[in-house]
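*Asks:* Have a look at this one.
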Amino acid sequence: MDIQRIDRNLVEAALKHQAAVAIIGPRQVGKTTLARDIADHHQGSLYLDLEAREDRDKLTEPVLFLREYENALVVLDEIHRVPEIFSSLRGLIDQGRRTGRGTGRFLILGSASIDLLRQSGESLAGRITYVDMGPFNTQELPVDEPTLLKLWLRGGFPGSYLAPDDGTSLRWRTDFIRTYLERDVSEFGPRIPAGVLERLWTMLAHGQGTLLNTARLASGLQVSAPTVGRYIDLLSNLLLVRRLAPFHRNDGKRLVKSPKVYVRDSGLVHALLGLKTYNDLAGHPVTGSSWEGCVIENLLAAAPERTVASFYRTAAGAEIDLVLEIPGHGMWAIEVKRSLSARPEKGFYIACEDLKPDRRFVVNAGITEYPIGQATTAIGLAGLTQVLAALK
């Protein structure tokens, strides 16, 4: 299947006006494939895989080595392995600007969050643009129900989504999880027992979309609540877990203050729970919350920059699954339902009376759009991602 990553245009545009561009995303989402493809269209480009000792050794004296490629695009893959190089890149970029080579110098790839990488790259402030690259999403795939079902079941990691059958897909995700636990996690944080982290990750999958309760998780793992918090921080920094913040406003309402926690890729949720086929998933207690997490990830991938995402819940039971505050377009209230004919519950309408959002949607698993009452629209996931992606 030929899938054109939407991130390509973002990266190419950024290279035209910035000296360094960083593609950020978890492992195995296709960052290297995309970067190599872009490099192939830049004459004389250089690709360095910093997981390979041979390539790391080339950067023992980075300024001397990289000066020879002043007029080429240099791709630095897995740059977290050599964080000290950022200060050298700053000098090379500033020198290049003085000699008229101010854009398109470095394409940097990292498997950690933008915030984590930015801590290492503070010296590049004003010299680098970040592009967030996730797994496949509905903007990159055909708009039909079988495709959407496959994306939900297998998740969007290319190796999983493009597998020839569900069994092979599940094995890919199982291997992916094992690799993260046994090798990759230790690169970004203190050494954590793989068994403990796997149990936590599985507990988060069972509790997909529930309020974060570190004390309960800590009790199940026989560790302290602060330790659980640090482990979840790590999974979040690795772009594997999302903490969705509660909406907050000083209007006298008793609002929930804990974030909701999601394993970001629905395919990983299902792999952690041993769910291979749609038949396995359809009757499982996680079905509704898994679908909710899938919807949220796809909508946030399509939302404009600087969109603020949260959920709204009061102690009295008023609730909105996803609140989007979109610059220039106001506040949108989004309810997530799997059923094609499902309508919002009373709590959604009460919450909308509280917030008075500019637009209201119920996202379902279909592909048609129709009104529910005067103010709310039922719409498929692919349809709403298209609406969000079209906003300026």
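Where a number appears in this text, it was derived from the coordinates with a stated rule and is not lab data. Owing to the predicted nature of the structure, the values given are computational and were not obtained by experimental measurement. Ideal geometry is used to build each Cβ from the backbone, glycine not excepted, and the neighbour counts take in all protein chains shown.
*Asks:* Which whole number in µm²/s is D for the range 6-50 by Stokes-Einstein, with the Kirkwood Rh taken over Cα pairs at 4 °C and 1.567 mPa s?
*Replies:* My calculation gives 114 µm²/s for D.
*Asks:* Another one. So what are the three principal axis dimensions of the range 213-266 from its Cα atoms, in whole Å, longest to shortest?
*Replies:* 38, 25, 17
*Asks:* Evaluate Rg over Rh across the range 270-392, taking Cα atoms for both radii and Kirkwood's formula for Rh.
*Replies:* When Rh is taken as the Kirkwood radius, the ratio is 0.97.
*Asks:* Give me P(r) over the range 43-82, computed from all C-alpha to C-alpha distances, binned every 5 Å, as integer percentages.
*Replies:* Using 5 Å bins, I get a P(r) of 6, 25, 34, 25, 10, 1 for the range 43-82.
*Asks:* A follow-up question, please. Using the count of nearby Cβ atoms within 10 Å as a rough guide to exposure, how do 140, 353 rank from fewest to most?
*Replies:* So the residues, fewest neighbours to most, are 353, 140.
*Asks:* If you consider only alpha-carbon coordinates, what radius of gyration and Dmax does the range 196-346 have, in Å?
*Replies:* In order Rg, Dmax, the Cα atoms of the range 196-346 give 16.0, 47 Å.
*Asks:* Among 262, 47, 180, which comes first, then next, by fewest other beta-carbon atoms within 10 Å?
*Replies:* In increasing order of surrounding Cβ atoms, one gets 47, 180, 262.
*Asks:* Here is a further query. Per residue of the range 129-134, what does 6.51 cos²θ - 1.76 cosθ + 1.60 with θ = phi - 60° give for ³J(HN,Hα)? Whole Hz please, x for Gly and Pro, Karplus curve as stated.
*Replies:* Those phi angles translate into 10, 9, 10, 8, 10, x Hz.
*Asks:* Mean-square fluctuation check for the chain, GNM, Cα pairs under 10 Å: which of 22, 378, 318 is largest?
*Replies:* Largest GNM mean-square fluctuation: 318.
*Asks:* Helix-only estimate, please: 222 nm mean residue ellipticity of the chain, summing -39500 (n - 2.57) across DSSP H runs of length 4 or more and dividing by its residues, to the nearest 500.
*Replies:* Mean residue ellipticity, 222 nm, calculated: -12000 deg cm²/dmol.
*Asks:* Sticking with this one: Of all the Cα-Cα pairs you can form in the range 7-132, what percent are over 22 Å apart?
*Replies:* 25
*Asks:* Could I ask something else about it? If packing is taken as the average number of other Cβ atoms within 10 Å across a peptide's residues, how do 331-341, 123-133, 217-227 rank, most packed first?
*Replies:* 331-341, 123-133, 217-227
*Asks:* Moving on to the next point. With the cut-off at 38 Å, report for the chain the share of all Cα pairs above it, as a whole percent.
*Replies:* 23
*Asks:* Shifting gears a bit: Hey, what do the phi angles of the range 207-224 turn into as Karplus ³J(HN,Hα) couplings, whole Hz, using 6.51/-1.76/1.60 and θ = phi - 60°, x for Gly and Pro?
*Replies:* x, 3, x, 8, 5, 5, 10, 5, 5, 5, 5, 5, 4, x, 9, 6, 10, 7
*Asks:* Can you give me the long-range amide H partners of residue 19? Hydrogens built in the peptide plane at 1.01 Å from N, cutoff under 5 Å, separation of 5 or more residues or another chain.
*Replies:* For residue 19, whose amide H was placed from the backbone, the distant partners under 5 Å are 104.
*Asks:* Continuing with this model, one more query. Using Cβ contacts closer than 10 Å as the measure, can you line up 266, 236, 169 from fewest to most?
*Replies:* Listing 266, 236, 169 from fewest to most nearby Cβ atoms yields 236, 169, 266.
*Asks:* Mind checking the alpha-carbon convex hull of the range 121-269 and giving the volume per residue in Å³?
*Replies:* Hull volume normalised by residue count: 187 Å³.
*Asks:* Principal axes first, then extents: for the Cα atoms of the range 228-302, list largest minus smallest coordinate on each axis, whole Å, largest first.
*Replies:* Principal extents (Cα only, largest first): 45, 27, 26 Å.
*Asks:* For the Cα atoms of the chain, what angle does the longest principal axis make with the long axis of helix 85-98, in degrees from 0 to 90, nearest 10?
*Replies:* Computed tilt is about 70 degrees.
*Asks:* Now for a separate question. Can you pull the three principal axis extents for the Cα set of the range 174-222, in Å, largest first?
*Replies:* 28, 21, 16
*Asks:* Could you order peptides 204-211, 279-286 by the average number of other Cβ atoms within 10 Å of their residues, highest first?
*Replies:* The densest-packed peptide leads the list: 204-211, 279-286.
*Asks:* Putting +1 on Lys and Arg Cβ atoms and -1 on Asp and Glu Cβ atoms, find which of 136, 270, 317 reaches farthest to the positive end of the dipole of the chain.
*Replies:* 317
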